[in-house]
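Each remark here refers to the structure printed beneath this line.
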Amino acid sequence: MSNVLLTKQVVSEDEKLDPDFKTKWLDALRSGEYSQAGGFLRTDFGFCCLGVACDVLNADGWWRNSGAFGRIYDWANAEGGVHDNEVSGGLPFIDNKIAGYLANTNDRGASFEEIADWIEENL
């Protein structure tokens with residue numbers, strides 16, 4: 001267990017995740033198939049918890065960013081909406097405030113298992 005404090009959040013019904021997507025995201029976070037990294041949705045070293053969600057939505061949507069020596073990836077959702085490599089909100093599956101909270105929690109060292117538990121309880 002990390003020392004990162006995950007706090008209960010009160011979220012509105014419109015901030016709740018689609019149940020099918022939520023199940024797939026939780027399964028992916030808990031699968032052990034993703035290396036965890038921070039600061040970006042995806043790098044050569046691993047994924048942010050939000051990058052795992054992007055991969056669940058559209059695993060074929062990644063391409064190497066031309067900057068940062070090609071170690072970072074950008075992502076596009078299935079509808080063609082493009083998101084830069086930074087975990088900055090504006091993702092199609094989650095409220096921006098909650099995305100920021102999860103990204104910060106990921107970057108402060110909470111494990112994917114801890115994050116999955118939080119998502120399961122709060123979203």
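The values are calculated or read from the model by the stated rules, or taken from the named source; none is laboratory data. Here the structure is a predicted model, which means the values were calculated and not measured. Cβ: placed from backbone, ideal geometry, glycine included. Neighbour counts: every protein chain shown.
Taking the stated definitions as given, is Ser111 of a type outside the set (Phe, Trp, Tyr), modelled with pLDDT of 95 or more and on the phi < 0 side of the Ramachandran plot? When the stated conditions are applied, Ser111 passes them.
Within the bounds of the range 69-84, is there any residue that is part of a helix (DSSP H, G or I) and at pLDDT below 80? Yes, the conditions are met somewhere in the range 69-84.
Taking the condition loosely packed, with under 13 Cβ neighbours inside 10 Å, charged (D, E, K, R) and modelled with pLDDT of 75 or more, does Asp55 pass? Spelling it out, it is not the case that Asp55 is loosely packed, with under 13 Cβ neighbours inside 10 Å, charged (D, E, K, R) and modelled with pLDDT of 75 or more.
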